[in-house]
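One structure is given here, and the rest of the page talks about it.
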Amino acid sequence: MVKGVLAILLIVGLTSNLNLATDTRVEVAKFIERVEQAKEQEQAEQVQVQEVILTDREEELLLKVAQSEATSQGPDGMWLVMSVVLNRVESKNFPNTIEEVIYQKNQFSVVDDGRIDRVAITDDAREALGRVKNGEVAYGIIAFESVDSSVHSKYFMEAFSYRDHKFYTEKDGLEE
């Protein structure tokens, strides 16, 4: 669907100099708007809302991992990283506490290189944590990596990209 939208955008861009009728441009714009609304609806349906109660230590860990992994991605990117951690806690394939998930060997590069302990927490990270505490978690995403990498594609199914991260869900049959 997204490729189709990109093709339409390309066609609109290429044909804008061909004096397309205003009605045609309006219809294309309306179509693109409907596609975007459908995409937003699909993403909204993937957000799980239930009360999330965290200890002070768990809040600190979520803030630190999100800040250090998604510094340039604003509150949405940080919220997605926090969602990955919380989804892993709920998965049978990962440890069952936030601390164990974050410090599991070779799982988060910021733990491996020590950045997690040197990060300064920003308002963006606090905003992301607020969303989590209010029960907003992006359901199902279980891993992420740089868009330049493809290591996780061996083990997980790519779900979507956000800025410079790709997010993954568990492959069918992996979780029992």
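The values are calculated or read from the model by the stated rules, or taken from the named source; none is laboratory data. Just so it is clear, the model here is predicted, and its values are computed rather than measured. A quick note on method: Cβ atoms are made from the backbone with ideal geometry, for glycine too, and the neighbour counts reach across all protein chains shown.
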Residue ranges of helices (runs of 4 or more DSSP H) in segment 79-176 with at least 1 members surrounded by fewer than 21 Cβ atoms within 10 Å (Cβ to Cβ) and polar (S, T, N, Q) = 109-112
Please name all residue pairs, on different chains or six or more residues apart, with Cβ atoms under 7 Å, provided the first residue is in segment 149-171 and is more than 18 Å from A70 (Cβ to Cβ) and touching a residue at least 60 places away in the same chain (Cβ under 8 Å) and the second residue is buried (at least 19 other Cβ atoms within 10 Å of the Cβ) and among the β-branched types (V, I, T).
-> E170/I142
Show the residue pairs that are 6+ apart or on different chains and have beta-carbon atoms under 8 Å apart, the first residue being within segment 56-72 and more than 9 Å from I116 (Cβ to Cβ) and in the same structural domain as Q104 (by TED's automatic domain parsing), the second being crowded, with 24+ Cβ neighbours inside 10 Å and of a type in the set (F, W, Y).
-> A66/W79
